[in-house]
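**Q** Supplied in structure tokens, the structure appears directly below.
The values are calculated or read from the model by the stated rules, or taken from the named source; none is laboratory data. For clarity, every value in this text was computed on a predicted model and none was experimentally measured. A quick note on method: Cβ atoms are made from the backbone with ideal geometry, for glycine too, and the neighbour counts reach across all protein chains shown. Heavy atoms of the whole protein, side chains included, go into the accessibility calculation; ligands, DNA and RNA do not. Shrake-Rupley method; radii C 1.70, N 1.55, O 1.52, S 1.80 Å.
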Amino acid sequence: MAPWTRTEGYGVAKWNFIGQGEKQLSLEVGDTVQIQEACEGWYKGYLTRNKALQGAFPASFVQLKDAISERRGKQEQAVSSEMPLVKEVTTTLREWGSIWKQLFVVHSPFTLSVQGLMWELIEWRSQLLSGTLPNDEFKDLKQKVTSKIDYGNKILELDLVVRDCSGSVLDPERASVISLFRAHEEATTKINERIKEEQVGALPATKVLGLNPNARGNFVCRIGEDSELFMSLYDPNKQTIISENYMVRWGKKGFPREIEMLNNLKVVFTDLGNKDLNRERIFLICQIVRVGMMDLKENTKKCTQNLRRPFGVAVMDISDIIKGKTDCDEDKQHFIPFHPVVAENDFLHTLLNKVTASRGDSGGQGLWVTMKALVGDIVHIRKEHPHLVDRSTAVARKLGFPEIIMPGDVRNDIYLTLQGGDFDKYNKTTQKNVEVIMLVCDEQGKNSICLGAGDKAVNEYRSVIYYQIKQPRWMETIKVSIPLEEMQRIHLRFMFRHRSSQESKDKSEKNFAMAFVRLLKDDGTVLQDGLHDLVVFKGDSKRMEDVGSYLLLPSTRSQQGDPHKAGGLGRSASNLSGGGGGGLSVSSRDSFAISTLVCSTKLTQNVGLLGLLKWRTRPELLRENLEKLKLIDGEEVVKFLQDTLDALFNIMMEHSQTDDYDFLVFDALIYIIGLIADRKFQHFNTVLEAYIKQHFSATLAYKKLMSVLKNYLDVCSRGDHCENILRTLKALEYIFKFIVRSRMLYSQYVHVCVCVCVCVCFASFASYPHLNPSVRPKRKQPLLGGFLFLSAEVRFITLSSSSSECRDVLLPMMLRELSGALATMADGPHDERRNSLELLNNILEVLSRDNVVRTPASCVSCTHARAHRMHTRKYARTHTHTHTHTHTRSVESAHTRTYDFLMESFLLFKDLIDGQHVYPSDWMAMIMVQNRVFLRAINTYAETMNHMFLNNNVFEVQLWNNYFHLAVAFITQESLQLQHFSHTKRNKILAKYGDMRRLIGFSIRDIWYKLGSHKINFIPGMVGPILEMTLIPEEELRRATLPIFSDMMTCEHTHFGNFHKVRRHARTRAHTHTHAGTHTRTRCDARDVHLLEDAAEKTVLKSEVERFVALVKGLLLRLLDYRTVRSDDSRNNRMSCTVNLYLYKLRDLHLDCDHYTEAAYTLLLHSRLLKWSDDLSSPQLEFHGSQTQRQMKETLYDIIIDYFDKGKMWEEAITLCKELSEQYENEIFDYELLSKRLEKQAKFYENIMKILRPKPDYFAVGYYGQGFPLFLRNKVFIHRGKEYERREDFQNELMSQFPSALRLNTTTMPGDDIWDSPLQYLQCFTVQPVLEMPPRLKNKPVPDQIINFYKCNYVQRFHYSRPVKKGPVDPNNEFVSMWIERTTFTTVYKLPGILRWFETTLSPLENAIETMEFTNEKILALINQYQTDFSLAINPLSMLLNGIVDPAVMGGFAKYEKAFFTEEFTQQHPEDRDKLLRLKDLIAWQIPLLGAGISLHGKRVMEDLRPFHERMEECFKQMRKKVETQYGVRELAQTTSPGSGGHALPPVSQ
């Protein structure tokens, strides 16, 4: 092989490559590599994202790129020579690609969004690389690319990229801090505006179907008359139409009746949500109604025209298209087959159901359409797909509300369906051809009826006519849209007319009946959804058209029976002329039914909600309506979310002078927020957010909200019962959002003069006597206070244009006054502080410019101002805790001023690092600039402290303590933890700023060892911070700081003879840091090694350190198990690890799953720690404000009883009730509480006997393989199933928790290969609980309801039985050889308990018994096999027998004798006497089995193995002699089968 040659290059992997061995480098597509050597088609190099990964790889797998050399630190590195924008796009795509993979794995709904963004960037990157774009197009493309990158980074929660005016990335090194900050603000504002624009299109679970029927004039259907096509979406399973109709009026010549619609028939079906997409099937249907004669075969001259008659339907299954399972090109045409009615009187909806159930032949007739599924709402679709959806495209909405109703969405539609009727023929010889004519009756109700999207609204609707049908079923849906203000006056009238096929007869026909319905009820609510059976009236045709003759009569059958609404009309009455009927009579032989669906954001069907929305009309009922809000169905409330919230805040604002309704309004607001937090309505979170940002306008609401909130919290803090506190705490997020938004609105409308105090101080520039007279004439602004009122640009220009001499005079004065003003304004109005700080920013930015001369005076002034900005009150609190200094310091000395300055700086820096998030988390450039400033300042301060405060005479403990805490806080802050970042972000930070943690860490180490005898002052206070610092996964930093921890133990041991303080604090902080996620097993082991190495050098500490390390390590490993599964989706695993650590966290997890029984048992653990005494409870155990142990225990019992009641564990609830009753009756003598408790106890007894309690199934689950966590690995658990839960459902849920696990389909114990495998194996099967009858119920006539409870509760033993065939099989009777193998599982605790599952247990003795039983069964099975099949090889039998009888093999029972048959074991385990006898019995029974096996072996063994057999016989003789002497003689009974020579299995004891 040729030698490797030195080369430099840069490439990108275009294929995946899996390296073989350590010398080859594995590559993934997109990896960038630095090439160093080449040889015969191979390269050597390393990954740029991780230099530690290096090796050889094929040259053909890498695409070389043009590169340039770039110095990074002390090394030169080749980087791509592509233009910066292309590099940025490439880096962004790599970072987004890794995120996309993670989203794809978890099936995130954002996967497609990220994928779409990446495709756009890839396409634009190709255009950039082409190099053929003109300059103006390049600028436009650059703007689009940068905008898309910034938008994608924001929605993916990545770092903000700040840019200059040309769109290039802004270099922080070349910009001042102030300008960098402003660039971040501008970038954030732009991106937020872009996201607001996208919000409408980004609403979740909204989908539309774009449809373009007859795109090329292909409606292949022979009608011969005009027709109407009604297209809609249809659910065949529920046999319901789910969308509005799209109506097309088709001419008899084969074209649309309106010729301008030719090739422009388009519709969008919108508002489809997740529930619609989850339907099993969705069909696109087209109902075709012809408009013409009664019969197509009739003579056209004499026949009645313009009759609407059924013609047929066309259907197509579009489930896969609308769900996105099938790609659908917008240019692809789909053929929808047509199915005609069989007879002229066939109902269209009946034909539709038949066709969707079983497809038929269309005969080549049908409809051609193109379609495409689009995501978003109609506004977004029109914007993104203007070629598909424009303003002329019809919009067919869903029948019903969309899943999200945004504030501002106004809808007032009523969908009315003509269901059917029953009409008598009266004096006619045949049944009538009934036509229904629906009218909107009122002068303002013109053109309010819409037959379908795409058609003009009309005032009259005529139904389809079915020929001579007594009970027609129309099932025709019409939309009625009426202005809200006219609803009270409008009603719908239905006229019934017989239509004759002969024109002459038809003209003489008049309306024979009518019906009507009001849209609004008397109480103001709208007509209820559902079926309405209308009263049919008969009378004179003109009378029926007279509104006054019927409007006061009942319109529905339900009202007809109501004496208050019937106007004196009884059930049997027919003539209404005397009762206000105007000559009309009720037709008892006719009936007519309609159904309605109201989709209105302004009209409600709930009286209580209407009363709240219109509270001003009946203010005396306001309190009652507010209280009733909680009783209203949540679905009705969220429909009117904006109106309801507006009403609540209007009530609050219009009663601002009183608090009469504040608590009721607050509780109502809490109820609404709680509704939206419910999983059923969680998609309305977006709606509530939009309302707060865009529609909320109550400027003073924050005062009311804060007042009520404070009142609730005060009541709770006093220990008083507060019913709403829990719901209030859950709703705190949105309560504070309302408060903040209200306060912001208030600040916009209230103008406050800015910095009045500063104006007074700056009243005249000339009023300052210390100004230099030579400079005074040069001043630019006679009134410096005016600076605060000028715009930022004017202030900046004024300052920057001033001469250096003028600034030397101007700056000290301004800064001094600003410092005082800012100090006095600390709690003042926000605007005042903002303007003052803005002026200070202008000053700093001017001085940072390169063209500004910075004189010493200006620098000192700024330093002075910044020093004075540090608030002295915080330092005052800290300084009071310092020790009494042994020396007297002069207040005016430089030493004191330096001390105060350093103390203030440390406190300020630590506040900025720890608690105050000055910048948003995605402002990484700004955060790193801040950290770099902190780094320089801390190191500079450390040098000063070494010089001034390290001597014994002036050693300041508090100052050094603050320094150490600040340095550790700096190192451990989240923004510097590079291990948590993506490799792209990590490389950016390292390249520009380096790892700042190292420098500070080394400084801490050096200073610690300089402290000398003063170290003891920082123990144990610094134990926690130093331990936290050692947990950072940066090897050099850990090596530098771990010796400090060891030195602390040595130091304390030197002073006190032990290191108890270090040990106690280290144990406490280990728990904290492990919970926070900073520990790993590797780091635990590494720290152990370091500590033991250090302790080995100090023989005095060695044993103590070893014990300490073992203790902490054990605690850490247990806590690490919890942390491993804390973020797991499986609540089961989280509960198992939580049980010994966090009791109430476990309770909360149970309640989240509705496991009330287990939650009750969990709280019982707490209650058992309490006594029935009046002693004060421990502060650690205080619960719900309870003071004494009795109060706390009683409170817990009430909660536990409630949980047991919900879990139907009334037996346990009764036990606790009895204990409480005993206390009430005999201890505190509260008979009132006793009576209530006994009533509840009686109710529980009644529930036991009357309420059916389904029995839960139990499942054995084995977790095999090394891939599981320690607490699960190779263990078997018994799980308690839910009510009616099948094993298949439980197993599927189990597999979803461990998606990489393999399922074992057998129920036998797996072998060692499975146990030791690195994979995960799951075994699941059903087990039967073993009834453990309570002694008090034995041998008594107990009802089944009581016995059935104990069959599946309080159980600890479980059986699993499976059939096993042994011996020869009888084909005529399989039960002869059918054996049952029964496995018994015993759990560590009874079920149910604090978990829904417990681990099974098996003692060593039980394991020995089980092993002996298995061995004996195996011997017998082999004997029977060899007796029935002489062709089997003898080797398996030889190995089995020799492994038992040969003592050299140690496979027999000798080890059991040494372990269990001793006097010591018998004394320690007297309860195992029966088990010992069972084991001895099994050993004794093994002898005859071995004898039979060896005898058979002697007959079958080959001559060359005869010595081996003789050796076995000799060993067996010795064994038999010993066993028969100690355990007795056993003999096998012969089977009854002649000639079989088989043996029966020895008896199994029960």
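**Q** Beyond 18 Å, how much of the Cα-Cα pair distribution for segment 1186-1240 remains, as a whole percent?
**A** 30
**Q** Here's another thing I want to ask about it. Give me the percent of accessible area attributable to carbon and sulfur for segment 123-173, probe 1.4 angstrom.
**A** 47
**Q** Modelled label-to-label distance, Asn306 and Glu1225, 7 Å Cα→beta-carbon offset: nm?
**A** Reported label-point gap for Asn306 and Glu1225 is 8.7 nm.
**Q** May I pose another question? Skip the ligands, DNA and RNA, and give the accessible area per residue of segment 1420-1503 with a 1.4 Å probe, whole Å².
**A** Roughly 51 Å² per residue, with all protein chains present.
**Q** At a 10 angstrom cut-off on C-beta neighbours, averaged per residue, how do the peptides 612-624, 1495-1507 rank from highest to lowest?
**A** Final packing ranking: 612-624, 1495-1507.
**Q** Amide H of Glu1381: which non-local residues (sequence gap of 5 or more, or other chain) have their own amide H closer than 5 Å, using H built in the peptide plane?
**A** So Glu1381 has HN proximity to Arg1362, Val1364.
**Q** Looking at the P(r) of segment 694-746, how many percent of alpha-carbon pairs lie beyond 15 Å?
**A** Of all Cα-Cα distances in segment 694-746, 49 percent exceed 15 Å.
**Q** Also, quick follow-up: Using 5 Å bins from zero, what percent of all Cα-Cα pairs in segment 82-173 falls into each bin?
**A** That works out to 2, 13, 24, 24, 18, 10, 6, 2, 0, in percent per bin.
**Q** Given 0.36 nm per residue, what is the gain on full extension from Phe335 to Ser1173 after removing their alpha carbon distance, in nm?
**A** Length gained between Phe335 and Ser1173: 293.4 nm.
**Q** Same structure, new question: Scattering from the C-alpha atoms of segment 459-499 alone, worked out with Debye: what is log10 I(q)/I(0) at q = 0.15 1/Å?
**A** For the requested q values the scattering log ratios are -0.53.
**Q** Based on the Kirkwood radius over alpha-carbon pairs, what is the Stokes-Einstein translational diffusion coefficient of segment 1211-1260 at 10 °C with 1.306 mPa s viscosity, in µm²/s?
**A** This corresponds to a translational diffusion coefficient of 129 µm²/s.
**Q** Compute log10 of I(q)/I(0) for segment 423-558 with the Debye formula, placing one identical point scatterer on every Cα and leaving out solvent, at q = 0.12 Å⁻¹, to two decimals.
**A** -0.52
**Q** Tell me which residues come under 5 Å, amide H to amide H, from Gln419 once H is placed; ignore anything under 5 positions away on its chain.
**A** Met475, Ala593, Ile594, Ser595
**Q** Going 7 Å from the Cα of Arg589 along its beta-carbon direction, which residues of segment 395-433 have the amide nitrogen within less than 11 Å of the resulting point?
**A** Residues passing the 11 Å test: 423-429.
**Q** When the Karplus curve 6.51 cos²θ - 1.76 cosθ + 1.60 is applied with θ = phi - 60°, which whole-Hz ³J(HN,Hα) does each residue of segment 1330-1344 get, with x for Gly and Pro?
**A** 9, 5, 10, 5, x, x, 5, 9, 5, 6, 9, x, 9, x, 4
**Q** Could you compute how much accessible surface Lys354 exposes when probed at 1.4 Å, giving the result in Å² to the nearest 10?
**A** Approximately 130 Å² of Lys354 is accessible to the 1.4 Å probe.
**Q** Give me the orientation-averaged projected area of the Cα convex hull of segment 598-745, in nm², one decimal.
**A** Computed as one quarter of the Cα hull surface, the answer is 9.0 nm².
**Q** Separate question: What nm distance separates the two modelled labels at Gln488 and His107, each placed 7 Å from Cα along Cα→Cβ?
**A** Modelled inter-label distance: 5.2 nm.
**Q** Using the Karplus equation 6.51 cos²θ - 1.76 cosθ + 1.60 (θ = phi - 60°), what ³J(HN,Hα) coupling, rounded to whole Hz, does each residue of segment 108-120 give in order, writing x for Gly and Pro?
**A** 6, x, 7, 4, 5, 4, 5, 4, x, 4, 5, 4, 5
**Q** What is the Cα convex hull volume of segment 1220-1348 when expressed per residue in Å³?
**A** Enclosed volume per residue, from the Cα hull, is 198 Å³.
**Q** Another one. If we sort 374-380, 1458-1464, 115-121 on the protection proxy, mean other Cβ atoms within 10 Å, highest first, what's the order?
**A** My ranking of the peptides, most packed first, is 374-380, 115-121, 1458-1464.
**Q** List the residues whose amide H sits under 5 Å from the amide H of Ile465, counting only those 5 or more places along or on another chain, with H placed 1.01 Å from N in the peptide plane.
**A** For Ile465, the qualifying residues are Arg308, Arg309.
**Q** Calculate the spin-label point distance for Lys428 paired with Thr326, positioning each point 7 Å from the Cα along the beta-carbon direction, and give it in nanometres.
**A** Taking the two extended label points, one gets 4.5 nm.
**Q** Whole number please: convex hull volume per residue of the Cα set in segment 1177-1293, in Å³?
**A** With only Cα atoms used, segment 1177-1293 gives 158 Å³ per residue.
**Q** In segment 374-481, how does Rg compare with the Kirkwood Rh, expressed as the Rg/Rh ratio over alpha carbon atoms?
**A** On the Cα set of segment 374-481, Rg over Rh gives 1.11.
**Q** Ranked highest first by the average count of other Cβ atoms within 10 Å around their residues, in what order do 37-43, 90-96 fall?
**A** Packing order, densest peptide first, comes out as 90-96, 37-43.
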